[in-house]
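Take a look at the structure set out below.
Values in this text are rule-based calculations from the coordinates and carry no lab data. Just so we're clear, the structure is a prediction, and the values are computed from it rather than from any experiment. Here Cβ is always computed from backbone atoms with ideal geometry, including for glycine, and neighbour counts include all displayed protein chains.
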Amino acid sequence: MAAARSPKSIAVDTNVLIDLVAREAEVESALAAIRKRLPDISIVINPTVVQELGWLVENRDDEETRNLAATAARDLRARWSIIPINCNPAWHGVIELAAQELRKSGLIPIDEIKDSLIIAESSLAECALLMSSDRHMWRSDINAVNQILVGRHMNAIVITAPWKIAKDYAQA
């Protein structure tokens with residue numbers, strides 16, 4: 001029997017970064033709890049999250065969101081030690097196919113292309129957890145999501161909301 005590997009990274013979605021800059025208490029509590037309980041874990045953002053931040057900075061109509069996204073992009077490493085990661089170019093086809101299957105199966109809404117890519121990128125990057133404020137992500141049938149991912153020789157992942165981490169760790 002293979003030994004269980006300890007998690008090495010946790011991925012965060014774009015909305016978590018925006019909420020972090022906006023000083024949302026639940027996001028701050030969730031990250032503090034993760035860092036306290038898992039001090040050796042890396043918190044990362046995937047290429048799609050990097051692209052979304054850039055899009056928000058360049059294209060968002062409301063100035064507040066543009067400013068929050070710009071601050072997140074500028075400060076994520078120095079202020080919060082959140083590391084942008086890249087994908088091996090060989091992964092792109094695997095990520096796209098898994099993301100398509102997540103949408104076609106109805107587990108992720110068909111128009112949420114970026115969110116399905118974020119899930120697939122997180123899985124292939126061997127993240128233990130993906131934290132998102134998007135209800136359609138953390139309320140999806142995680143067993144069915146993981147069946148698709150593992151069926152494509154990717155890693156199982158847990159998707160949860162910041163408020164849930166903050167609540168669960170506060171009670172522990």
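Some observations on this one:
- Computed over the chain, the P(r) tail beyond 25 angstrom holds 30 percent of alpha carbon pairs.
- Applying 1/(1 + (r/R0)^6) with r as the Cβ-Cβ distance of S105 and A78 and R0 = 30 angstrom yields a FRET efficiency of 0.15.
- For the range 81-169, the fraction of alpha-carbon pairs in successive 10 Å shells from zero, as %: 17, 54, 26, 3
- When the alpha carbon coordinates of the range 1-82 are projected onto the principal axes, the ranges are 53, 25, 19 Å, largest first.
- Amide H contacts under 5 Å for I159, placed H, 5+ residues apart: L130
- Each label was represented as a point 7 Å from its Cα along the Cα-to-Cβ direction; for W163 and E58 these points are 3.4 nm apart.
- Separation in nanometres of the label points that stand 7 Å from Cα toward Cβ, at V150 and T65: 3.7
- Residue-wise HN-Hα coupling along the range 117-132, computed from phi with Karplus coefficients 6.51, -1.76, 1.60 (Hz; x: Gly, Pro): 5, 4, 5, 5, 4, 5, 5, 5, 7, 6, 6, 6, 8, 10, 9, 9
- Only Lys, Arg, Asp and Glu carry charge here, each on its Cβ (+1 for the first two, -1 for the last two); on that basis the chain has a dipole of about 660 debye about its Cα centre.
- By the count of neighbouring beta-carbon atoms within 10 Å, fewest first, M131, M154 end up ordered M154, M131.
- Remark on I82: its backbone amide H falls under 5 Å from those of R77, a criterion applied only to residues 5 or more positions apart or on other chains, H modelled at 1.01 Å from N.
- Available extension along the chain between R139 and R37 is 34.3 nm, counting 0.36 nm per residue and deducting the alpha carbon span.
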